[in-house]
Each structure stands twice: as C-alpha cells, then as structure tokens.
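> Just passing along the structure, written as structure tokens.
The values are calculated or read from the model by the stated rules, or taken from the named source; none is laboratory data. The shown structure was predicted, so the numbers you read here are calculated from the model rather than taken from an experiment. Here the Cβ is made from the backbone with ideal geometry for all residues, glycine too, and neighbour counts use every protein chain on show. Just the protein is used for accessible areas: all its heavy atoms, side chains included, with ligands, DNA and RNA removed. Shrake-Rupley method; radii C 1.70, N 1.55, O 1.52, S 1.80 Å.
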Amino acid sequence: MDVVSTRNPAHHATFRHGLTANLTPDGGLWIPARLLPFANLDALLEMPLADRCAEILKRVIGDEFSHADLDALAHDAFNFPLPLTQIDEQTYALELFHGPTLAFKDFGARLLARLLRLHDADTTSATPRMILTATSGDTGAAVAHAFWRQPGARVVVLYPRGRVSEMQERQFAALGDNVLALAVDGSFDDCQALAKACFNDAALSRELRLTSANSINLARILAQVLYYFEISAALRARGVQQAPVVSVPSGNFGNLCAGLYAQRRGLPMGPFIAATNANRTVPDFLHGGAYLTKPSVATLSNAMDVGAPSNWERIAALFGQDRAAMQAAMRSDSATDAETRAEIARLWQLGWLADPHAAVASAVLQKLRKPGELGVFLATAHPAKFPDAVVEVTGRAVELPPELAALVHLELQAEPLENDVVALKRRLRA
Ligand SMILES: *Cc1c(COP(=O)(O)O)cnc(C)c1O
C-alpha cells in the first residue's frame, strides 16, 4: 500500500515506513494514497470474521507482508467476540468492548503490536523498539496489554497521576516486565506534551527507536476499518438489507475516519453521525462555524475529552477540505452529561447497559436520525470500566468481568515522574 502525507501527496512511502515513522516529513499524517472499492464485496461479507479481517488486510497492505503471516496475525489478534446487538426494532449496537482491556482500542493496539513484531523480525536492530504513549486511560491499557512480553519491544506509558480511574491504572501499571508506567505530576495535556517533545528529538528517537502507538498511527485506523464490515455482515445475516446510519462516539476522530474509509471501500452505509460530548470542535464546524480547536472540557465520557482532534486532518484530507462534501457525508451533534445519563437510563430500560461513551453515540443518534432510518451506534467501552456513572443512573452495581476482577489484587508498579522533559529523557535512556 502506498501512503502519502495529508499535507502534500508528493511525500509518499510504503505502508511499512508509515507504520514506524510517526509523522510525515512535513509534519502531517500518513493516509492511503488510494481507497478503491473492494471487488466481490458480497463474498467478503459472507466470510467468518477473522477470515474476512485477514482477507481485507491482504487486499489493503498487499505484498509488503507475507499473506500467510497476515492470515495468522488476523486470527490471533481478533480472537474475541464482536456482537451486533439489537436494541429496538430499528437500532443496533456494535459491541467493541470484548477484547482483553474491554475497550475498542484493543483492535488497533493488537494489530499494531503484531505488525511491528513482523516488521522487526525482518530487520536486524539489536535495540528494542520503544513504544511511547501518553494516556488518559484506555489507550495505555490497550497498548500495554498488546505489547506485554513481546520480544523486541518496550512500552512506556505516561499518565496523569491521580487522574485516571483505579481500574484503568491497574490495567497498565500492574503489568511490569517490558511495560514501564510513569505517573506524571501533571495533566493529560502535560503527558502528551512530554511525549511529543521526545518524538521531536530526532537523536533520542533514533537512539531508542521511539514509536508512537497513538491514533496518529495508520495501522490503528486500519484495524478499525475491519469492524465496520462486521456491521454489514451481521445485518445481512439477519436478513436486513437497509443501509444503516452509523453513529460514532468521537474524540480524536480516528474511529470515524475508519468508518469513512470503509465506506470508500464499498460498504453500503452512511451518512455517519459524528457524536461528541461537550467538546464541540467538530459539530460546530459541520454546522457552519470556523474550525476552532479549544482546550478540552472534562465530561463523563472522558476518553472523548478532546478539543483538538488529531485525526480530523485525515478526514479533511479525505474530502479535499470541502466542507459541503463533509456535511453531505456526516451529521454531527453533541450530548451533555445530563443527556448522557438520561440515555444510559433509557437504554437500561430497554435491557442494555451502556457506558457513557456508547450512551453519547446513542443519544446523538436519537437526535439526528430521520424516520424510517436504520441506526447503528458503536459501543466503545464496557460499562464496568466506568462504574460510577452506571451505578448512579441504574442504581445497580456493575458486575466486574473476569478481565477486571483479576486486576483487583495486583500491585501497582508505576514510578512517579516530575513534569519535566529532561527527567523523562533521562529515565528513558536509563
Ligand atoms: C478513545 C475512545 C473514544 C474516541 O475514539 P476516537 O477514535 O479518538 O474518536 C471513544 N470511546 C472510548 C471508550 C475511547 O476509549
């Protein structure tokens, strides 16, 4: 697969290069040079999930990896359930939270870890690759888990001390081995700034083979393209032919970007619904305002507390910066925390327990769908990861799934770190 820069298609590279080079030479993001519709879509949709994921990876990545390796990788990475659950007559939820860390970020992190492992098996560096990631919770867990005990890889997770949930912290700070968790004396924005300063240090990046696992990495987007195909496959298996509108709970907009890519590959779906919480940068723009990034506002759906979405650059590039084209492809609105709570309650009455992120997607779907439309919303996290909101609304304790129950007794192994880039670089080199 040829990849090009969002900022200038003259910068192009192989998929393998895009996988390991964090940004393009002009500071943009890597995007596919072409997104042609797949041939034989019907046959693709009839395949079992892991077979279909393997087939799509082969078609997209081409010959840069051996097809036998991609087959094995897909069956190993996507070995957990991906149910499309019916909520009411015309509404379904795609449950993306049955992976090992119970959030959809498992898809991207598991594909990325395995592709890097294959890539590094073909190179000869004696220095392990260092995956550096700043997290407000879910990314750190998924990335740490995906790379844990992987030969040739070390993971460093930067997180704001005291500002992630206890469960989230245990998911990445109790693993040890090749995973180092650094509890930064600062905010999530500080953690991101620290990571960025390291990536911008070319000498340090080379020396430590620093690699980003955040959603600026194209492999994460590619992993997410795969599960949109499951929506169409599962609807067809139920005899539903209507193309759905799909509501995506969005923060950095990697997930929605993947949906738009899947549509360009020929999937009958859309328009998409870009659902946000109070961080309204994108809804305001799609409603005709300027594209104004803002400091993030804290909400119940905290994995979506993003005021400057990093993947919007990819979506804008997909539509050639044409706002009218974006408005035709996407509807957008936000849900307040009060609306999010009300939606958790409404869904619970229908018999389905939502976490706050899924509830935002469902609430905005309810606002923006037109009569007769078939609606699907993406459920990005397990409700047990956000027990406070769920207990408050349903009055019922959320049962801990085994993945989380097993963590309760583990000891945290995080190291404290002052909010200082010199101290961080010293620790990374140690
Ligand atoms: C990261 C995350 C999101 C936002 O996804 P983007 O691709 O950044 O838009 C939504 N829900 C949950 C649970 C997340 O962890």
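> Would you confirm whether any residue within the range 131-145 is open to solvent by 40 Å² or more (accessible area, probe 1.4 Å), more than 13 Å from the ligand (Cβ to nearest atom) and at pLDDT below 95?
The answer is yes; a qualifying residue exists.
> Counting only residues that are over 28 Å from L82 (Cβ atoms) and more than 16 Å from the ligand (Cβ to nearest atom), give me the strands (runs of 3 or more DSSP E) lying completely in the range 162-279 with at least 2 of them.
Numbers: elements: 179-184, 210-212, 245-249, 272-276.
Ranges flagged: 179-184.
> Here is a follow-up. Kindly indicate which of G162, G251 is within 18 Å of the chain's Cα centre (by Cα) and free of Cβ contacts under 8 Å to residues at least 60 places away in the same chain. Step through it out loud before you land on a result.
Values: G162 fails: within 18 Å of the chain's Cα centre (by Cα).
Selected residue: G251, the only one of G162, G251 that is within 18 Å of the chain's Cα centre (by Cα) and free of Cβ contacts under 8 Å to residues at least 60 places away in the same chain.
> Just one of the numbered conditions (1) out of contact with any Ser or Thr (no Cβ under 9 Å at 6 or more places or on another chain); (2) surrounded by fewer than 17 Cβ atoms within 10 Å (Cβ to Cβ) is not true of A345; which one?
(1)
> Looking at the range 278-296, is at least one residue under 20 Å from the mean Cα position of the chain (by Cα), open to solvent by 10 Å² or more (accessible area, probe 1.4 Å) and in contact (Cβ under 8 Å) with a residue 60 or more places away in the chain?
Taking every residue of the range 278-296 in turn, at least one turns out to be under 20 Å from the mean Cα position of the chain (by Cα), open to solvent by 10 Å² or more (accessible area, probe 1.4 Å) and in contact (Cβ under 8 Å) with a residue 60 or more places away in the chain.
> For the range 126-161, how many residues meet the condition of being β-branched (V, I, T) and assigned to a strand (DSSP E or B)?
Residues of the range 126-161 β-branched (V, I, T): 127, 131, 133, 135, 139, 143, 155-157.
When the remaining residues are screened for being assigned to a strand (DSSP E or B), the result is 131, 133, 155-157.
Residues flagged as β-branched (V, I, T) and assigned to a strand (DSSP E or B) within the range 126-161 amount to 5.
> Considering (1) more than 16 Å from V3 (Cβ to Cβ); (2) under 20 Å from the mean Cα position of the chain (by Cα); (3) not in a helix (DSSP H, G or I), say which one N22 fails and leave the rest.
Looking at each condition in turn, N22 falls short on (1).
> Another question, if that's okay. One residue is enough: does the range 41-53 have a residue meeting the conditions within 15 Å of R114 (Cβ to Cβ) and modelled with pLDDT of 95 or more? Outline the logic, then answer.
The first filter runs over the range 41-53 and keeps only residues within 15 Å of R114 (Cβ to Cβ), leaving 50, 53.
Those left that are additionally modelled with pLDDT of 95 or more: 50, 53.
Checked the range 41-53: at least one residue is within 15 Å of R114 (Cβ to Cβ) and modelled with pLDDT of 95 or more.
> I would also like to ask the following. Can you tell me which residue is farthest from L102 (Cα to Cα) among those in the range 372-386 that are within 11 Å of the ligand (Cβ to nearest atom) and not in a helix (DSSP H, G or I)?
Looking at the filtered set, the residue picked out is L378.
> Okay, next question. For the range 287-334, how many residues meet the condition of being under 24 Å from P160 (Cβ atoms), of a type in the set (V, I, T) and either within 13 Å of the ligand (Cβ to nearest atom) or out of contact with any helix residue (DSSP H, G or I) (no Cβ under 8 Å at 6 or more places or on another chain) (or both)?
Count: 3.
This table checks each residue for (1) within 16 Å of the ligand (Cβ to nearest atom); (2) under 20 Å from S301 (Cα atoms); (3) at pLDDT below 95; (4) not in a helix (DSSP H, G or I).
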site	(1), (2), (3), (4)
K370	no, no, no, yes
D388	yes, yes, yes, no
E392	no, yes, yes, no
L400	no, yes, yes, yes
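> Quick one: L365 ticks every box in (1) open to solvent by less than 40 Å² (accessible area, probe 1.4 Å); (2) away from the ligand (no atom under 16 Å from the Cβ); (3) under 28 Å from A258 (Cα atoms) except a single one, so which number is it?
Among (1) open to solvent by less than 40 Å² (accessible area, probe 1.4 Å); (2) away from the ligand (no atom under 16 Å from the Cβ); (3) under 28 Å from A258 (Cα atoms), the lone unmet condition for L365 is (2).
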